[in-house]
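Colleague: The structure is given below, and queries will be raised subsequently.
Every read-out reported here was derived from the displayed coordinates using simple, explicitly stated rules and does not represent laboratory data. Predicted model only: the values in this text are computed from it and were never measured. When we count neighbours, we look across all protein chains shown, and the Cβ atoms used for this are built from the backbone with ideal geometry, even at glycine.
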């Protein structure tokens, strides 16, 4: 995993980690990253490009482009945004171990994992999801008009860890929920149109 240089390592930085396949990256991803920076008062956002997603299954034998192709696409989109970086996760880069490695590599950083509420509905299927919930920070984003499952297993199981967006960095572990206005666009729709 290529690790970006943290600017001014003598002070604590607030860094959002936006994980995903980004197949392809689009304006909705970028809007989420930009609104996360504003709403959570982040210094940077690191886009964490996954090599694969074992929970996603594609019809018709579709296979996503190689990770380096998707990383390049994200880098092109982020050129005008110097406060955002791209990381290609290793093949076995499960979220829990990635978070542990980043915390060890950057003790002066305060990380928060950024994810959609729809993805959070399935976090209980992730490896070591209980440790993610009890040892790390998560910011969960609702899209306006999203009518998906509103009460994920993890939200019930770890309701004591819920906090507000304004207080997410006051605790070493916890989760908050934000409602965003994002462009009505998805990677699935873009792939179907190409």
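Colleague: What is the order of 108, 94, fewest Cβ neighbours within 10 Å to most? Kindly include the intermediate steps, with their values, before the conclusion.
Modeller: Numbers: 108 11, 94 16.
In order of increasing Cβ crowding within 10 Å: 108, 94.
Colleague: I've got another one for you. Taking a ≥ b ≥ c as the square roots of the Cα gyration tensor eigenvalues, with a/c under 1.5 meaning rounded and otherwise prolate when a/b beats b/c, else oblate, which class fits the stretch 64-146?
Modeller: rounded
Colleague: Let me ask something additional. Just subtract the alpha-carbon distance of residue 124 and residue 177 from 0.36 nm times their residue separation and send over the number in nm, one decimal.
Modeller: Length gained, residue 124 through residue 177: 17.4 nm.
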